[in-house]
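Structure record follows, encoded as structure tokens.
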Amino acid sequence: MRFLLTEEQREFARTLDGLLAASGTAAAARAWARGDTGPGRALWARIAAAGVFGLAVPEKHGGMGSLPVELIVAFEELGRHAVPGPLAETVAAAALWDRLGEDAEAGAGEWLPRIASGDAVVSLCADTPYALDAEAADTVLAVQGDTLRRAEAHGPVQPCLDPTRRPARPRGGTILADGPAVAAAAAHAVDLARLLTAAQSLGLGRALLAQTVAYVKQRTQFGVPIGSFQAVKHRLADTLIGLEFAQPLVHAAALAVAAGAASARREVAAAKVAAGEAGYAAARTALQLHGALGYTEELDLSLWIRKARPLRDAWGTPSECRALVLAGLPLS
């Protein structure tokens, strides 16, 4: 199985990296955390214009079809630049609508073109009590068992370690669809959200490592850069190894999802564990080697550090994902 990206996929990643680097994502993230979604929505439109959301929308609705490998390439860059908003949730909602087909009540014909164009921000919660950024979303979908609802309201925003993640409990709602097809579509949507969150964790971890390496080359102690100390080198090397080991698992999971493999759920869960833990380890390394400066509000690094643990736990904690992996293994 080939895990290396094609030249077109690498060029796509470079294009997104350049776009996001020039877009002031840190300022957009700070505004989003204050409840000002204007800069974030402008950034969302630029990401959509680059084709990111179209990668989850069928061609007949203005997208490019379901392309999980290209999606993880994009979401690694979104994680690298700490882009705020319900990114994985919007793509997962698109996958849910796509799986439900042309059910007029479900609303695929209305919402899928809007997602592809960047006109719609959608939050999704599937058998969980909270929806991410419900107050900023154009619509909120809630799945409970085999019932899909569109929430009509939401409760107060709950506190989160990452101030750009603003979860709220959806309330009420109109039933859009029910039955076994909803449960099956929701399971696929959860797998995709889990995979894309893993890709975000991977990109986040790489950004944290790069920023930390640059810092330890500048900060001096006893007249020399602290990056020359053996203990610091070992800590950075361990962080890099964790990220490097996680990347092929994320790629393999994307290939399994694209192929509709029976093992896809386990492979996605394994990727989520590895990438989430690697991203969180990169955050701990960054915090320690920056001398705890990373938690200060004034330093943009705090935006990356504070995302690591919520991303690790979103759409399946490490223990939940490990249980999914173990459940699929044959008994000896």
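Rounded to the nearest 20, the size of the Cβ-charge dipole of region 184-327 about its Cα centre is 180 debye, with Lys and Arg at +1 and Asp and Glu at -1.
Would you work out if region 149-193 is rounded, prolate or oblate? Take a ≥ b ≥ c from the square roots of the eigenvalues of the alpha-carbon gyration tensor; rounded if a/c is under 1.5, else prolate when a/b is larger than b/c, oblate otherwise. It is oblate, given that a/c is not under 1.5 and a/b is not larger than b/c. Distance between the pseudo-spin-label points of F229 and A259 (7 Å out from Cα toward the beta carbon): 4.7 nm.
For region 255-296, the normalised intensity computed at q = 0.26, 0.29, 0.30, 0.34 Å⁻¹ comes to -0.81, -0.90, -0.92, -1.00 (log10 of I(q)/I(0), Debye sum over alpha carbons, equal scatterers, no solvent). Computed from the C-beta positions of A292 and A27 and an R0 of 25 Å, the FRET efficiency is 0.55 to the nearest 0.05. Enclosing the Cα atoms of region 68-141 in their convex hull gives a volume equal to 107 cubic angstrom per residue.
Excluding same-chain neighbours fewer than eight residues apart, the lysines reachable from K307 by a Cα-Cα span under 16 Å are K272.
As a proxy for reagent exposure, L299, L192 were ordered by neighbouring Cβ count within 10 angstrom, fewest first; the result is L299, L192.
Checking the a/c ratio against 1.5 first, then a/b against b/c, what shape does the Cα gyration tensor give for region 127-284? Cα axes put region 127-284 in the oblate bin. Along region 267-283 the Karplus relation, 6.51 cos²θ - 1.76 cosθ + 1.60 evaluated at θ = phi - 60°, assigns HN-Hα couplings of 5, 5, 4, 5, 5, 5, 4, 5, 5, x, 5, 5, x, 5, 5, 5, 5 Hz to successive residues, with x for each Gly and Pro. Bridges between two residues of the chain, per DSSP, are antiparallel at a rate of about 75%.
A dipole drawn for the chain from +1 and -1 charges on Cβ atoms has a positive end, and of A314, V91, G145 the residue lying farthest that way is A314. Relative contact order of region 184-327, taken over Cα pairs closer than 8 Å and 6 or more residues apart, is 34 percent. In the chain, a dipole from Cβ-located charges (positive for Lys and Arg, negative for Asp and Glu) runs towards its positive end, and of L100, L20, G179 it is L20 whose Cα lies farthest in that direction. In region 1-118, Cα pairs under 8 Å separated by at least six residues give a relative contact order of 30 percent.
This model, with +1 at the C-beta of Lys and Arg and -1 at the C-beta of Asp and Glu, gives the chain a dipole about its Cα centre of some 1140 debye. Please list, or write none, the lysines whose alpha carbon is within less than 19 Å of the alpha carbon of K217, excluding same-chain residues fewer than 8 places away. Reachable lysines: K233.
For region 1-66, the extents of the C-alpha atoms along the principal axes are 44, 28, 19 Å, listed from largest to smallest. Using the Cβ-Cβ distance between L161 and A183 with R0 set to 25 Å, the FRET efficiency from 1/(1 + (r/R0)^6) comes to roughly 0.20. The share of C-alpha pairs in the chain whose separation exceeds 39 Å stands at 11 percent. Name the shape class, rounded, prolate or oblate, that the alpha-carbon gyration tensor gives for region 64-203, where a ≥ b ≥ c are the square roots of its eigenvalues, rounded holds for a/c under 1.5, and otherwise prolate holds if a/b is larger than b/c and oblate otherwise. Taking the square roots of the gyration eigenvalues as a ≥ b ≥ c, region 64-203 is oblate.
Between helix 230-259 and the chain there is an angle of about 20 degrees, using the helix long axis and the longest principal axis of the Cα atoms.
Each reported figure results from applying straightforward, stated rules to the coordinates on display, with no laboratory input. If you're wondering where the values come from, they're calculated on a predicted model, not measured in any experiment. No Cβ is skipped: glycine too gets one built from the backbone with ideal geometry, and neighbour counts run over all protein chains shown.
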